[in-house]
Amino acid sequence: MSKYITVINGRFLDEKDASISVLDHGFLFGDSIYEVVRTVKGKLFGADRHLQRLHASAEGLGLRLPLMDSQFLDLMREMHQRKPDSESYLRVIVTRGVGELDLHPASCNAPTVIGIAKPLPQWPAEAYAKGCKVIVADLRRNPKNATNPAIKSGNYLNNVLAIVEARAQNAVEAIMLNVQGNVSECTTSNVFLVRNGELHTPDLGEGLLSGITRGYVLELARRLNIKCAERAITREELLGADEVFITSTTRDIMPVALIGDARVKHSPGPVTMRLMEGMKQVLADAANLS
Ligand SMILES: Cc1ncc(COP(=O)(O)O)c(C=O)c1O
């Protein structure tokens with residue numbers, strides 16, 4: 001049985017038959033956008049927020065979304081229903097579509113909508129109990145006046161190179177600095193630090209994706225009366241933090257124990273643990289909503 005559920009322009013296909021044209025600009029130029037939604041007890045989690053971000057990404061590239069939101073939701077639900085035994089990782093990609101072998105998208109008449117689902121990856125329990133290792137990559141995040149990291153595009157080469165750097169050092173993630181030398185985000189997650197009981201995370205102006213999980217964490221912090229600042233953060237501040245954690249749809253909140261060779265003071269620390277508990281509750285509540 002195939003590992004993946006695959007669908008192209010509404011047609012569910014066997015993984016081995018799920019191919020797109022070599023002239024699709026998504027393939028040729030990374031001219032595409034995407035979202036990854038997870039299920040909780042078989043229900044889509046935060047799908048409205050993901051769709052809002054998909055619209056923002058489409059606008060950022062001047063790409064017309066060929067489906068209505070209700071159709072995207074139906075598509076994701078069906079992807080999960082085809083393999084409902086475990087929680088799903090649901091990726092929806094919209095590419096510029098098939099066109100001429102030319103950078104300009106004018107020849108692309110119809111966007112391609114691709115869905116790929118797999119079981120939600122399970123991170124080792126130890127990563128949550130003791131924290132994971134990350135590095136600060138040498139490679140910088142592309143600046144927001146280039147391909148803006150706020151757009152969740154399929155153009156991930158910068159992040160590919162950074163994760164290669166991380167894995168070569170046995171780290172699960174790479175924290176990337178922006179061209180000013182401040183912390184931006186990781187290759188597929190956002191980053192937070194705690195200092196003197198207060199939460200800090202780079203503000204969106206630093207050039208990063210407005211992570212859906214980041215948004216949930218900021219809301220949680222407010223509810224739990226944990227002071228939180230979105231602002232510019234230097235590498236030195238990060239390395240001197242009391243607690244550090246990363247967030248993403250597939251990881252939720254994962255504490256960081258090591259940044260390169262430097263040990264973070266507490267992993268997981270008390271604030272991180274409160275937020276991890278809070279996030280568990282947010283997920284449980286979402287699962288209980290009918
Ligand atoms: C570059 C980048 N930053 C942050 C995130 C985390 O975002 P979310 O919490 O929406 O999964 C992702 C997710 O894939 C990402 O690709």
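The values are calculated or read from the model by the stated rules, or taken from the named source; none is laboratory data. Since we're looking at a predicted model, the values are computed, not measured. Here Cβ is always computed from backbone atoms with ideal geometry, including for glycine, and neighbour counts include all displayed protein chains.
Applying the condition of being within 18 Å of the chain's Cα centre (by Cα) and charged (D, E, K, R) to the stretch 199-242 and asking which residue is farthest from the ligand (Cβ to nearest atom) yields ASP203.
Screening LEU75, LEU65 for residues that are on the phi < 0 side of the Ramachandran plot, more than 19 Å from the chain's Cα centre (by Cα) and outside any loop (DSSP other than H, G, I, E, B) leaves exactly one candidate, LEU75.
Take the residues in the stretch 246-264 that are in contact (Cβ under 8 Å) with a residue 60 or more places away in the chain and within 30 Å of GLY60 (Cβ to Cβ), then tell me which one is farthest from the chain's Cα centre (by Cα). First the steps, then the outcome.
The first filter runs over the stretch 246-264 and keeps only residues in contact (Cβ under 8 Å) with a residue 60 or more places away in the chain, leaving 246, 248-251, 254-260, 264.
Narrowing further to those that are within 30 Å of GLY60 (Cβ to Cβ): 246, 248-251, 254, 256.
On the way: ILE246: 11, SER248: 5, THR249: 6, THR250: 8, ARG251: 9, MET254: 13, VAL256: 17 Å.
Per the criteria, the residue is VAL256.
Of all residues in the stretch 33-62 being among the acidic types (Asp, Glu) and assigned to a helix (DSSP H, G or I), which is farthest from the ligand (Cβ to nearest atom)? Walk me through it before giving the result.
Start the filter on the stretch 33-62 by keeping residues that are among the acidic types (Asp, Glu), which leaves 35, 48, 59.
From what's left, assigned to a helix (DSSP H, G or I): 48, 59.
Details: ASP48: 13, GLU59: 17 Å.
Looking at the filtered set, the residue picked out is GLU59.
Checking the stated criteria, VAL36 turns out not to satisfy the condition of being farther than 13 Å from TYR89 by Cα and either at pLDDT 95 or above or aromatic (Phe, Trp, Tyr) (or both).
Taking the stretch 198-230 as the search range and keeping residues that are in contact (Cβ under 8 Å) with a residue 12 or more places away in the chain and of a type in the set (S, T, N, Q), which one is surrounded by the fewest Cβ atoms within 10 Å (Cβ to Cβ)? This residue is SER210. Taking the stretch 14-55 as the range and being among the aliphatic types (A, V, I, L, M) and closer than 19 Å to PRO119 by Cβ as the test, the residues that pass are ALA18, VAL36, VAL37, VAL40, LEU44, ALA47.
Quick check on the stretch 141-150. Is at least one of its residues within 15 Å of the ligand (Cβ to nearest atom), β-branched (Val, Ile, Thr), on the phi < 0 side of the Ramachandran plot and assigned to a loop (DSSP other than H, G, I, E, B)? Within the stretch 141-150, one or more residues are within 15 Å of the ligand (Cβ to nearest atom), β-branched (Val, Ile, Thr), on the phi < 0 side of the Ramachandran plot and assigned to a loop (DSSP other than H, G, I, E, B).
Quick check on my filter: what residues within the stretch 160-178 are farther than 23 Å from GLY205 by Cα and part of a loop (DSSP other than H, G, I, E, B)? Residues satisfying the conditions are ALA168, GLN169, ASN170, ALA171, VAL172.
Here is a yes/no grid of residues against (1) closer than 15 Å to ARG141 by Cα; (2) touching a Pro at 6+ places or on another chain (Cβ under 9 Å); (3) not assigned by TED's automatic domain parsing to the domain that holds GLY46:
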site	(1), (2), (3)
SER184	yes, yes, yes
VAL191	yes, yes, yes
VAL194	no, yes, yes
GLY197	no, yes, yes
LEU204	yes, no, yes
GLY207	yes, yes, yes
ILE212	no, no, yes
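Under the condition of being touching a strand residue (DSSP E or B) at 6+ places or on another chain (Cβ under 9 Å) and surrounded by fewer than 24 Cβ atoms within 10 Å (Cβ to Cβ), the residues counted in the stretch 169-186 number 8.
Pairs meeting the criteria (first residue in the stretch 185-197 and within 16 Å of GLY215 (Cα to Cα), second residue acidic (Asp, Glu) and surrounded by fewer than 24 Cβ atoms within 10 Å (Cβ to Cβ), beta carbons under 9 Å, at least 6 apart or on different chains) are GLU185/GLU206; LEU193/GLU237; LEU193/ASP242.
Scanning the stretch 156-175 for residues that are closer than 24 Å to GLU59 by Cβ and within 11 Å of the ligand (Cβ to nearest atom) gives TYR156, ASN158, ASN159.
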